[in-house]
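Here is the structure we will look at, set down as structure tokens.
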Amino acid sequence: MRVLVCCTGGLGEAVAILPTLEALTDGLDDPVITVLCAPRLAGFIATSIPGVRPIAITPETLHGLGRALRVPALVKQIGPVDVALVTPCQGRAVSALARRVSPKVVGFTCGTAAEQRDLHVVLPYQEDRPVPDVLCDFARLLLEWPTMPLQRVAPLRQSLDPFAVDLFALEAGDDAGDWQEDGYDAASADSYGVIHSGAGSLLQRWGEQSFHDLAGRLTALYGFPWRLVDEGDYDLVDLTALLAGARGFVGCHSGPLQLAAAQGVPWVAVAGPTPAAWDPPWRDVPGEVLRRGLECQPCGHVGQALSPCLHDAVCLAALSVEDVVQSVTRVIPLPRQLAAQ
């Protein structure tokens, strides 16, 4: 069967689609699976699910004066397919492209009305279900396995050597804080934790200074460095390897959070407006979401841009460094706790 999957979003969406791609490659007879994805994610998807064929595009390339040239070339490159999946909120240009190459286009109810007009089959999108599980509905439909559970183990194997890449972000520098003087143990130099402060929207970010203070506290407690990492400093191969070797991960809802959890790395998420559907669902991986549970949470919906906050981002401002420290120690035992065991 020839299948097209349109998934041109960010890293978090790419991680979320992996269980679906794996189910299709394992369950279909002679599958030929093409994935439309962002250029940065093509190598990541091809490495994670061997056998799929990534085609790198951005939705913006399907607009403008060059559309008449680009779309026919893409149609020829993709070739005819039996069925296409349009993941949520890809936009009308992507769904229209899928319709040009497939007689059966499947998508979800959370897309725009114009986008849904291009769909032959519309699947329900339930906000109370994890995003990876919702995307598995496509595999359930094609494989006729209505009770197929979401894979409850991390979908990415730790196949990359974290020390085969340049982990320059773990070297001491001017922003290293006091970790060398505050409990850093040279004997544990191969251990490290990762803290990522970025997120897709400013409304999702807890604050650079808060994360900087957190890095110092955790380094002193655990005896190995917890370093602030900027996703943009790495290509995805290096970032994947970096996270695979970490003892733990702390960050806002973001692609690196999903990538760390998908590799079995213990994690803590500082959650603001992001809906619980984006919480990492891998139940065998230790993790905890810090969410105040305010009436206005979540103010964002899956696949939609966040609305301006009317409450001065109190959902994140109410979380202190001490709150996050306590969460991390619940998820990742301290060295003295391990020694007591």
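Among the residues of region 20-69, write down those that are under 25 Å from Gly232 (Cα atoms), part of a helix (DSSP H, G or I) and of a type in the set (Val, Ile, Thr).
Ile45, Thr47, Thr61
With the requirement that a residue be part of a loop (DSSP other than H, G, I, E, B), of a type in the set (S, T, N, Q) and at pLDDT 90 or above, what does region 244-263 give you? It would help to see each step written out before you state the result.
Restricting attention to region 244-263, the residues satisfying the condition of being part of a loop (DSSP other than H, G, I, E, B) are 245-248, 253-254, 263.
Now narrow it down to the ones that are of a type in the set (S, T, N, Q): 254, 263.
Within region 244-263, Gln263 is the sole residue that qualifies.
Name the one entry in Ala56, Ala38, Ala73, Ala14 that is in contact with a Cys (Cβ under 7 Å, 6 or more places away or on another chain) and open to solvent by 10 Å² or more (accessible area, probe 1.4 Å). Before the answer, list the steps.
On the way: Ala38 fails: in contact with a Cys (Cβ under 7 Å, 6 or more places away or on another chain); Ala73 fails: in contact with a Cys (Cβ under 7 Å, 6 or more places away or on another chain); Ala14 fails: open to solvent by 10 Å² or more (accessible area, probe 1.4 Å).
Answer to the selection: Ala56.
Quick one: in region 107-124, of everything that is open to solvent by 30 Å² or more (accessible area, probe 1.4 Å) and touching a Ser or Thr at 6+ places or on another chain (Cβ under 7 Å), which residue is nearest to Glu13 (Cα to Cα)?
Filtering region 107-124 for residues that are open to solvent by 30 Å² or more (accessible area, probe 1.4 Å) and touching a Ser or Thr at 6+ places or on another chain (Cβ under 7 Å), the one nearest to Glu13 (Cα to Cα) comes out as Pro124.
Would a scan of region 226-243 turn up a residue that is within 18 Å of Ile332 (Cα to Cα), open to solvent by less than 20 Å² (accessible area, probe 1.4 Å) and either at pLDDT below 80 or in contact with a Phe, Trp or Tyr (Cβ under 6 Å, 6 or more places away or on another chain) (or both)?
no
All but one of (1) of a type in the set (A, V, I, L, M); (2) modelled with pLDDT under 90; (3) open to solvent by less than 50 Å² (accessible area, probe 1.4 Å) hold for Ala23, so report the exception by its number.
Single failed check for Ala23: (2).
With respect to Leu338, determine if the residue is modelled with pLDDT under 70, assigned to a loop (DSSP other than H, G, I, E, B) and of a type in the set (A, V, I, L, M). Step through it out loud before you land on a result.
Values: modelled with pLDDT under 70: yes; assigned to a loop (DSSP other than H, G, I, E, B): no; of a type in the set (A, V, I, L, M): yes.
The answer is no for Leu338.
Which residues, counting only those in region 76-106, are modelled with pLDDT of 95 or more, assigned to a loop (DSSP other than H, G, I, E, B) and crowded, with 17+ Cβ neighbours inside 10 Å?
If the condition is that a residue be modelled with pLDDT of 95 or more, assigned to a loop (DSSP other than H, G, I, E, B) and crowded, with 17+ Cβ neighbours inside 10 Å, then Val81, Ser102 are the ones that fit.
Within the bounds of region 2-11, is there any residue that is polar (S, T, N, Q) and closer than 18 Å to Leu156 by Cα? So that I can check it myself, show each step before the final result.
Going through region 2-11, the residues polar (S, T, N, Q) turn out to be 8.
Among the residues that remain, those that are also closer than 18 Å to Leu156 by Cα are: none.
Looking for residues that are polar (S, T, N, Q) and closer than 18 Å to Leu156 by Cα, one finds none in region 2-11, hence no.
If His63 meets every condition in (1) touching a helix residue (DSSP H, G or I) at 6+ places or on another chain (Cβ under 7 Å); (2) buried (at least 16 other Cβ atoms within 10 Å of the Cβ); (3) not acidic (Asp, Glu) apart from one, which number is that one?
Against the list (1) touching a helix residue (DSSP H, G or I) at 6+ places or on another chain (Cβ under 7 Å); (2) buried (at least 16 other Cβ atoms within 10 Å of the Cβ); (3) not acidic (Asp, Glu), His63 comes up short only on (2).
Does Pro72 meet the test of being assigned to a helix (DSSP H, G or I) and either of a type in the set (S, T, N, Q) or within 30 Å of Asp30 (Cβ to Cβ) (or both)?
Numbers: assigned to a helix (DSSP H, G or I): yes; either of a type in the set (S, T, N, Q) or within 30 Å of Asp30 (Cβ to Cβ) (or both): yes.
Here the answer is yes, as Pro72 does meet what is asked.
The values are calculated or read from the model by the stated rules, or taken from the named source; none is laboratory data. Remember, it's a predicted structure, so these values are computed and weren't measured experimentally. Neighbour counts run over all protein chains shown; Cβ positions are idealised from the backbone, glycine included. We work out accessible area using only protein heavy atoms, side chains counted, and drop any ligands, DNA or RNA first. Shrake-Rupley method; radii C 1.70, N 1.55, O 1.52, S 1.80 Å.
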